[in-house]
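In what follows, a single structure is set out as structure tokens and then discussed.
The values are calculated or read from the model by the stated rules, or taken from the named source; none is laboratory data. Source: prediction; values computed, not measured. Here the Cβ is made from the backbone with ideal geometry for all residues, glycine too, and neighbour counts use every protein chain on show.
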Amino acid sequence: MTFVYKEARLSNGLVVIGEIDQATHTAAAGFFVRTGARDESSHIMGVSHFLEHMMFKGSKRRTALDVNNDFDFIGASHNAFTSGELTAFHAHVLPEHIFSAIEILSDILRPALRTALSHRVLGTKKTVGSLPKDEMSNYFSNRYAADNMVLAVAGPIDFEKVISEAQRLCGEWPRGKPGRVHTPFTPAPTEFTQIMPNTNRAYIGMMMPAPALGDMRRYASSLISQIVGDREGSKFYWSVVETGLAEEASCSFEGRDGLGEYLVFAACESQNVAEVEKRLHAEMGQLSQTLQQDELDRARARIATGIALAGERPSGRMHRLGSQWAYGLPPIPIEKEMERIENLTLQDLRQCLIDFPMKPVVIGRMLPPAIKDH
């Protein structure tokens, strides 16, 4: 596939980006908004996810039923999601329906906000259940502003027509005052254990700082997390899963806007918690010395395969484009990222481990009640 990157910006600040390839058989479009739980104040916690669902409740021109019927009529595979830093609304269709999909998506992004506010809860029942409509509307106006979102498209699309349609459908959307404050972050060591009455397994969670998504060291961190904590064939697997000490053990890298983290998870029997923790710490602590070239090669192959698979369909390309923009990253071709991963060496990984040691600063345990002898 030969995708050609294109970009434009409307007068109101809305960015339109695309990877165009006339040889593909489907097309995809999505609006990505640079907003999520991170951008909420405590008393309106949950409003981002709540608004995501409100978009499908209807606009001034469509009822909730109309929204579903119109997507179904064009055979769209559509959805939305909210994360800590990003909200997206997207559709994957046959090329002849792409402009209908863009029209529906743009319409639901101007919701009527007429539904009662206690129907969906994320955050806490208190924050969402008592959310004043004017506060939700103010949040929407500031965060869902034209200059805080991007329309990303991919596939066999006339990009000039996309710009024209975006201007017609979204050109009157107002600018906002979104911003995002990157408050200085200093990890505070924390350790806790909690007894959970309804569990019959022990769960261990650990967290430690890692590179941000805008940091080139993110590639090394992705490989490190694969090597130490992929679900099969990793150091964690051979140390605690294959030996029967734990049912599962994993490590993942989560890059974010301005910071990132490694997340470690394990599930085991209560009597094995101490030994599992000991072995996880040991594997992370000695990783720089135990790294092997064949481990790097296998991890690199798995990540490259995942990237390639995501890029085979226009929907994957569209998601990639929109997410890169939302995190303030320049458009990076899949081929370029694969090249960066291919060029990483063991020394690159060791340097990343020096810069971001795998020493958990937060450790949490959820344990079942102790079993009493009868």
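Suppose the filter is farther than 21 Å from Thr2 by Cα, in a loop (DSSP other than H, G, I, E, B) and in contact with a Pro (Cβ under 8 Å, 6 or more places away or on another chain); does Pro369 pass it? Explain how you work it out, then say what you get.
Values: farther than 21 Å from Thr2 by Cα: yes; in a loop (DSSP other than H, G, I, E, B): yes; in contact with a Pro (Cβ under 8 Å, 6 or more places away or on another chain): yes.
When the stated conditions are applied, Pro369 passes them.
Residue by residue through region 176-200, note down the ones that are in contact with a Leu (Cβ under 9 Å, 6 or more places away or on another chain) and in a loop (DSSP other than H, G, I, E, B).
Applying the first criterion (in contact with a Leu (Cβ under 9 Å, 6 or more places away or on another chain)) to region 176-200 yields 182, 185, 193-196, 199.
His182, Phe185, Met196, Thr199 - these are the residues of region 176-200 that are in contact with a Leu (Cβ under 9 Å, 6 or more places away or on another chain) and in a loop (DSSP other than H, G, I, E, B).
Condition first: over 19 Å from Ala152 (Cα atoms), without any contact (Cβ under 8 Å) to a residue 12 or more places away in the chain and of a type outside the set (D, E, K, R). Now tell me which residues in region 310-344 satisfy that.
Asn343
Check Glu242, Glu248, Glu232, Glu283 and return the single one that is surrounded by fewer than 18 Cβ atoms within 10 Å (Cβ to Cβ), more than 24 Å from Glu339 (Cβ to Cβ) and in contact with a Phe, Trp or Tyr (Cβ under 8 Å, 6 or more places away or on another chain). Spell out how you get there, then give the answer.
Values: Glu242 fails: in contact with a Phe, Trp or Tyr (Cβ under 8 Å, 6 or more places away or on another chain); Glu232 fails: in contact with a Phe, Trp or Tyr (Cβ under 8 Å, 6 or more places away or on another chain); Glu283 fails: surrounded by fewer than 18 Cβ atoms within 10 Å (Cβ to Cβ).
Of Glu242, Glu248, Glu232, Glu283, the one residue that is surrounded by fewer than 18 Cβ atoms within 10 Å (Cβ to Cβ), more than 24 Å from Glu339 (Cβ to Cβ) and in contact with a Phe, Trp or Tyr (Cβ under 8 Å, 6 or more places away or on another chain) is Glu248.
Does Val33 satisfy being in contact with a Ser or Thr (Cβ under 8 Å, 6 or more places away or on another chain), under 25 Å from Gly328 (Cα atoms) and aliphatic (A, V, I, L, M)?
Working: in contact with a Ser or Thr (Cβ under 8 Å, 6 or more places away or on another chain): yes; under 25 Å from Gly328 (Cα atoms): yes; aliphatic (A, V, I, L, M): yes.
Answer is yes for this residue.
Conditions tested, residue by residue: (1) modelled with pLDDT of 95 or more; (2) under 25 Å from the mean Cα position of the chain (by Cα).
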| residue | (1), (2) |
| --- | --- |
| Glu165 | yes, no |
| Pro187 | no, yes |
| Ala202 | yes, no |
| Pro211 | yes, yes |
| Arg218 | yes, yes |
| Ser221 | yes, yes |
| Lys235 | yes, no |
| Asp257 | no, yes |
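Which one of these does Ala152 not meet: (1) surrounded by fewer than 16 Cβ atoms within 10 Å (Cβ to Cβ); (2) assigned by TED's automatic domain parsing to the domain that holds Leu105?
That leaves (1) as the condition not met.
Could you list all residues from region 42-87 that are on the phi > 0 side of the Ramachandran plot and buried (at least 18 other Cβ atoms within 10 Å of the Cβ)?
Gly46, Gly58
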